[in-house]
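Inspection log for the structure reproduced underneath, given as structure tokens.
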Amino acid sequence: MEYLISERNLAHNTQRSYRDAIRLLLAFAAAQTRKRPDELLVPDIDADLLRAFLRHIEEKRKCSVSSRNQRPAAIHALAGFIAERRPEYLDWCAKLRTVKAKRSAPSPVCYLEKPEIDALLDAPSSLTKLGSRDRAILLFLYNSGARANEVARLCIDDLSLHTGGVGTWSSVRLTGKGGKVRICPLWTSTTAAVSSIVTGRTVTERVFLNRRSEPLTRSGIHEIVTRYARAAMDRVPGMAQKRIGPHTIRHTTATHLLRAGVDINTIRAWLGHVSINTTNIYAETDLEMKARALDLCAMKSKRSPKRWRDNPDLMSFLAQL
């Protein structure tokens, strides 16, 4: 109620993730110690119990290694919170923090090729109100590389739309993780699509609303993307091999910017990454750029030297001498 919000200033989604991790831990610890959750004492949750809890998450709940590795962060934060307020638990906190994340191989970044993203953008019907809204969402995601949560919280006041004039760019102000603000330019097509759904509305309203005129949630945006991805698979069957969501479009934006020759630091600012190391994964993933680099350093095949005996013109010339 105080520490994660006021002192740590963690994002709302991170707070919810920490909450869920602690709920799972308390339920597991209660079962292991045969106590009710409200009867648990601080020493009941030791390093051995934490290791057993993480094995339980991976083996019984069938979570991936990456999901399993998210839980220790929340529990370490809880241990630090307790130790700061009760110094007698400093040793307990230190032992709990010895439980580290499990090493795992990073999964390759999933992104869409140009024909695939074109098929996805063409999937909504522009003849209906909801279809126009959905196309605006997909186009905005691809244009800005925004996270689903950033799109869900976007207000009309965050838009700066210019429909005409040479040298004038439309733009959007996005608020990312940790309250970090960035400005992204918008294409003319994105400006037209977004303008059609915000005209006549107050600036304090959210940009993207559902059929009941309520703000779309992150889950709602995810459902829209996956629904049209399934429809686009009819045109591009290869998309069926990919797990497509809003973050896939974000990866697609970064990869296509990189292919277009945009420098990696500009892409970092575009996506709102704190560290450029996060952005470097796109340079490591893009197969097309690797293939071009390979062509530049490919060894040229040597032609086999021709023997003078293989030249009939030369033989004819010598015979006439």
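We did not get these values from a lab; they are worked out from the coordinates using the rules stated. Keep in mind it's a predicted model, so treat the numbers as computed, not measured. Note that each Cβ is placed from the backbone with ideal geometry, even for glycine, and that neighbours are counted across all protein chains shown.
Computed over the chain, the per-residue total of -39500 (n - 2.57) for DSSP H runs of n ≥ 4 gives a 222 nm mean residue ellipticity of -16500 deg cm²/dmol, rounded to 500.
Ellipsoid semi-axes for the range 1-82, based on the Cα gyration tensor and the rule √(5λ), read 21, 17, 10 Å when sorted largest first. Other residues whose C-beta falls under 13 angstrom from the C-beta of residue 51 contribute a net charge of +3, scoring Lys and Arg +1 and Asp and Glu -1. When Rg/Rh (Cα atoms, Kirkwood Rh) is computed from the coordinates, the matching label among [x] 0.96; [y] 1.08; [z] 1.17 is [z]. Among the listed pairs 62/177; 129/177; 35/60; 114/242; 60/102; 100/242, those whose Cα-Cα separation exceeds 24 Å are 62/177; 129/177; 100/242. The long axis of helix 47-59 is offset from the longest Cα principal axis of the chain by roughly 50 degrees. Using only the alpha-carbon atoms, how far is helix 218-232 inclined from the longest principal axis of the chain? Give it as 0 to 90 degrees, nearest 10. Orientation of helix 218-232: about 30 degrees from the principal axis.
As a length-normalised measure over Cα pairs under 8 Å and 6 or more apart, the relative contact order of the range 3-96 settles at 28 percent. Taking 41, 121, 138 as the candidate residues, the one with maximal mean-square fluctuation in a Gaussian network model of the chain, Cα springs under 10 Å, is 41.
Note on the range 114-290: percent of Cα-Cα distances in each 5 Å bin, starting at 0 and stopping at the bin with the largest distance, equals 1, 8, 16, 21, 21, 17, 10, 4, 1, 0. Averaging Cα coordinates gives a centre for the range 170-249 and one for the range 12-73; these two points are 34 Å apart. Just to confirm the number: angle between the C-alpha axis of helix 246-259 and the first principal axis of the chain, 0 to 90 degrees, nearest 10? So the inclination is approximately 40 degrees.
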